[in-house]
Structures are given as structure tokens and as C-alpha cells.
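Report on one structure; see the data block that follows.
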Amino acid sequence: MRKENTEVLIIGGGATGTGVLADLAMRGFSCLLVEKRDLAHGTTGRYHGLLHSGGRYAVKDPKAATECIEENMILRRIMPHALEDTGGYFVVTPWDTDDFGDVFMKGCQDTAVPCEEIPISLMLKEEPHLNPKISRCFRVPDATADSFLATQSVGEMAKLHGGKILTYHEVKRLIREGDKITGAVCHDLVKDEDVTITADLVVNASGAWAGRIAHMADLEVNVRAGKGTMVACNHRVVNTVVNRCKMPADGDIIVPIQTVAVMGTTDDGVPDPEHFAIEPWEVKLMLEEGDKLVPGFKNMRMLRAWAGVRPLYQETKVADTRDVTRAYTLLDHETRDGVTGFITITGGKWTTYRQMAEVTADRVCEKLGTERPCRTAEEVIPDPFSPKRRDKGGYHYLGARLARMEEQQAFRDLVCECEMATRADVEKAITEGDAKTFDDIRRDVRIGMGPCQGGFCTYRVAGILHSLRQPTIEETNVALRDFLQERWKGVMPILWGPQLKQERLDELIYMSVLNADHLPGETASPLGPAMYEPGTVEEVPEKAAR
Ligand SMILES: Cc1cc2nc3c(=O)[nH]c(=O)nc-3n(C[C@H](O)[C@H](O)[C@H](O)COP(=O)(O)OP(=O)(O)OC[C@H]3O[C@@H](n4cnc5c(N)ncnc54)[C@H](O)[C@@H]3O)c2cc1C
């Protein structure tokens, strides 16, 4: 069996785990991160895309609000390349109460979230598609984030300081010797072999899976998986993040992300963070609630639906997952359970990942008997694509790819027309990005994420991958099939109207012309997607009905 040794082993390659790795590496620890798929494969890659100002929690969860605004300001400084400075509104629609605006203002003041009320005429000038019946609008410093790019950048920062990342390494069991955790046994999914990793300390940063990992050491950590479903429409119908001004509820935010707008989310407890359905009621509710913010939204072309699972830590049972605090939790299993060598960091938000990493790394220092200051709030994280994606202020901006293409006259090199990804982008993801699947390439360069959902780029990527890596024909075929399946997964819940026509075209290309389902090779690989369960519930449950 392969063996590795490190001072600190981190489990989970989402925002939190990658943040912990970078923080520890920058403090000079030898550290290694294992992730069962690609970085940002979990909730981090399936979230709503908001860098919260804290406004959303200002009334209901003031602690979370303060954490968000503190981190919002820091992330704007250290990773502007992964953020778009969209700004945010909280709006009172005819379905909300005017008075809540005052409660909201007060909450923002108490939690130091900058907030100003603006005239509706100004709001409509800036966002002409918003509902003209909106009666109040508050401006807050919300922004959007590309969590794939952010996680990759943080991972690169960690590597620059000596941190090590093993993707496609799934923890199968923790090594427990008496009351001490001394490492983990992982399975390398690519090489199909086990690896034993020993460590002085193990950090469990596996998000909604944290309870399962802790269970491997016979420890009980109660993390509820709160599933949230979102739908993307094919236009950027707003350029500002628009939140409903009311207590947090289902379907109350619309977020402009790259070329699309994403409406979300639901919040439904699921027993298994890996297997769940996107229910028809969830899609229906997102369309109906979206229509209240942007009239006509429900008739627009939807491209895709997807869901992520919130890691919601709780010591006592709470029926509605929205009543669980969004603030994070650090569990020291030595003081909590009498088991040394193991700590868990869970809960929180993408927005607070850096702070979560800092408190975790502080605890690691304490446990390993050393004092090393945190530097992650000061040091700017390099943009792996620098300087091509930058805008004034260092933020990403929507026109960056087009500007780059015009500058390089790269029109004929487009692999994905929807997302303007060039052959050079795809080649870089394959050769430098350590991509193991087409889906890894997608996370790096956004192939397949636009209106055609992979219709034209998938076979092009197959050709590039095949010529660069020269795998067997069967391996290329199965990788192509995995990706088609992955794209299909998110299209199924919204299959009507123009997107149905698009899928029919994609079907003709891949099934009728390329005969993709009968090409030599396995039907699917172990690196392929876990499909959603079939959705069965049509009616919006009472809790979610607005
Ligand atoms: C629908 C939804 C919308 C959200 N919207 C926002 C938002 O707009 N803004 C915001 O700030 N936050 C948002 N959040 C919250 C935020 O996305 C999460 O809090 C955050 O991404 C969690 O990151 P993480 O690294 O802790 O977990 P994850 O990203 O889930 O990372 C955990 C990783 O552990 C890996 N793992 C699990 N088991 C194993 C194993 N056995 N071996 C190896 N690896 C393993 C998983 O594959 C996963 O990649 C949202 C969450 C949801 C669900």
C-alpha cells in the first residue's frame, strides 16, 4: 500500500478545506489535503454564487451577518480576480411588508453592514427589468464570486507555500489508535489503489459530509444536509444581486453570474448529502418567486437546475433547517470527546471560508504547541490566469473573455462558443490543471455551462484531450459519456420549451450522428456523476409556499 506522512492532513477540498490548507502552508506547516473528487466538487461548486454583505442575516442571525461583512471586505482585498463587484439590493415587493424595511435597516446598523435606502426611480434606472411595484430598495455591498476559480486560486496559493493536494482520493476510514486519530486510509479513484496517510493532526473539513467522516472514528457530529435547489436562466436579467427584503425564505435571491442569472434557493433537509432529488415543486417555486422580482421570469428560457447541500451543524434537533445558525462551528474532539489528533470545522458560508480556516489553523498551532501568526487576511492570492481576466479595481468583469479574444484575435480558436472558452484555455486545463475528467475542465474554463449545455464543445474537448494525453479510444469514449451524462443530469428537471429543442439537437448530434452510446468502452466510469434521484413531489410543501 502507498504511504504518505504529513504534519496535518485535511479532509475535503471545498472552500473551507482548501482555505485551511493554504493558511497552514503559509504558516510553514507540512500539510496535505485529500478530496474524493475535484476541488470544489462539493457544496462549494454548487452554491448560489454570492459574496454576502451580511444583509441576509442582519435580522435573523446577527453573528453570521457580522462574520460575512468582515470577510466580504477582506476577500475584496485578497481575491478580487474571483469576484464581480455587482453590488446588492434588498427590495420590498408587494408580497412583503413595508415595515420590514425598517427592521432590516436597524439590523444592518447593529451588525455594521453598510446599507442605504435608494429611490425606486434610481433602482429601475439601474435594473429596468425589476418589478416596478417594488416599494422600497436598500443598497448593500453584496458581490458575486466564481467559487471554482477562487478555490483553484487558494489551492495554488497553498501549493506555492508547499501544501500538497491529492484529488480523487476518498477517505475510507480514519486510523484510530486508542483515543488518538493518527491518519486516514484513502482510496485513489484514478489508480484504483489504497493509500495510508499518517499525520500528527487530522482536520475534518468535509462540509455536509463531516458527520460521516467523524463517524469513521466512532464520533458523533450532527451535521444536517440542507439541500438547496437553484435554476439558471439564459440571460443576465439583472446585473445586481437582488434579495427580497424579508426574513430569509425559499427563492428570495436572484444572482447574476457570468452570462446567466441564477434564482434560488430552496432549503430542504435530506438524509444523504450524496443522493437526493430535484423536486418539481422546487423548480416551480423558483420560477414563481423569480417572477415576483423580474416579471416574465417564469417564461424565460431555463438552462439548468442543480442543488447543493448546506452543512448545518446542530447539537439539538431543529425541524426547519433555516432555523439552524449559518455561523460556523469548530469542534475540538479532545475537549469534546476525549479523542486527540482530530478537529472538525463545519457550517458557515462560502463567504466566511477564510475566517473558518484561520480559527482552525490557530487551533492547529495550539494543538501542535507552536505560535505562528495568520497571514491570509493580508496576502493577495495570485490569479492563476493573471492578468487576462482583471478589470479595474482588480475585479473580474463580464466582458473580460471577449476583450481577451479580440486582443488575441482568437475567434477561430473557440471551443465553447457559449462561454467563449478557447482551445488554449482547454489545453491549459488539461496540461497544467491536472484535469482528470471533462467535468474538471468545465470547472476550470466553464465549457458546457451555456445555453447548449455541452452540445458543441463536448466532442471538441474529447478530440483535444485525446490528442494531448493519448489515452485509449475506450477511455476517451467513456470520459465523453460521463460528461454528457453530467450535463443531462441538470437539464432533466427543466426540460420544456427552447431548452427541450436544444436537448433534442444535442441528442441528434451525440446519439444519431456520433453514436455516442454505442462507442467502444465502458458505459460509465467510477469518476462519472452521481445522478439526481427522480423528483416526485409536484405540490409546493406548506413550509416553502409563499
Ligand atoms: C444551495 C446553496 C446555496 C448557497 N449559497 C451561498 C452563497 O450564495 N454564498 C455563500 O457564502 N454561501 C452559500 N452557501 C453555503 C456555502 O456554499 C457552503 O457553506 C460552503 O461552500 C461549504 O464549503 P465546505 O468546504 O465547508 O464544504 P464542501 O464544499 O462541501 O467541501 C467538502 C468536500 O469534502 C469532500 N468529501 C466528502 N467526503 C469525503 C471523503 N470521504 N474523502 C475525501 N473528501 C470527501 C466533498 O467531496 C467536498 O468537496 C450555499 C449553500 C447551498 C447548499
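Within the range 29-57, being farther than 18 Å from residue 381 by Cβ and out of contact with any strand residue (DSSP E or B) (no Cβ under 9 Å at 6 or more places or on another chain) holds for 38, 41, 57. Of all the numbered requirements in (1) touching an Asp or Glu at 6+ places or on another chain (Cβ under 6 Å); (2) on the phi > 0 side of the Ramachandran plot; (3) hydrophobic (A, V, I, L, M, F, W, C), residue 29 misses one, and that requirement is (2).
Within the range 431-444, the set of residues being buried (at least 19 other Cβ atoms within 10 Å of the Cβ) and not hydrophobic (A, V, I, L, M, F, W, C) comprises 433, 437, 439, 440, 442, 443, 444. State the number of residues belonging to the range 74-109 that are β-branched (Val, Ile, Thr) and over 29 Å from the mean Cα position of the chain (by Cα). Residues in the range 74-109 being β-branched (Val, Ile, Thr) and over 29 Å from the mean Cα position of the chain (by Cα): 2 in total. How many residues are assigned to a helix (DSSP H, G or I), free of Cβ contacts under 8 Å to residues at least 40 places away in the same chain and of a type outside the set (Ser, Thr, Tyr) if we restrict to the range 497-527? Residues flagged as assigned to a helix (DSSP H, G or I), free of Cβ contacts under 8 Å to residues at least 40 places away in the same chain and of a type outside the set (Ser, Thr, Tyr) within the range 497-527 amount to 10. Residues in the range 251-281 that are modelled with pLDDT of 95 or more and acidic (Asp, Glu) were compared, and the one that is nearest to the chain's Cα centre (by Cα) is 252.
Which one is farthest from residue 88 (Cα to Cα) among residues in the range 38-59 that are near the ligand (Cβ under 6 Å from one of its atoms) and hydroxyl-bearing (Ser, Thr, Tyr)? Filtering the range 38-59 for residues that are near the ligand (Cβ under 6 Å from one of its atoms) and hydroxyl-bearing (Ser, Thr, Tyr), the one farthest from residue 88 (Cα to Cα) comes out as 43. When 312, 303 are checked against the criterion of being over 24 Å from residue 88 (Cα atoms) and either away from the ligand (no atom under 15 Å from the Cβ) or not in a loop (DSSP other than H, G, I, E, B) (or both), 312 stands alone in meeting it. Of the candidates 52, 48, the single residue that is at pLDDT 95 or above, within 30 Å of residue 100 (Cβ to Cβ) and surrounded by fewer than 23 Cβ atoms within 10 Å (Cβ to Cβ) is 48.
If the condition is being surrounded by 19 or more Cβ atoms within 10 Å (Cβ to Cβ) and either polar (S, T, N, Q) or touching a Pro at 6+ places or on another chain (Cβ under 9 Å) (or both), then the range 159-188 contributes 167, 182. Of the residues in the range 91-113, not one is closer than 19 Å to residue 357 by Cβ and either touching a residue at least 60 places away in the same chain (Cβ under 8 Å) or of a type outside the set (A, V, I, L, M) (or both).
The values are calculated or read from the model by the stated rules, or taken from the named source; none is laboratory data. Being a predicted model, the structure only gives us computed values, none of them experimental. Ideal geometry is used to build each Cβ from the backbone, glycine not excepted, and the neighbour counts take in all protein chains shown.
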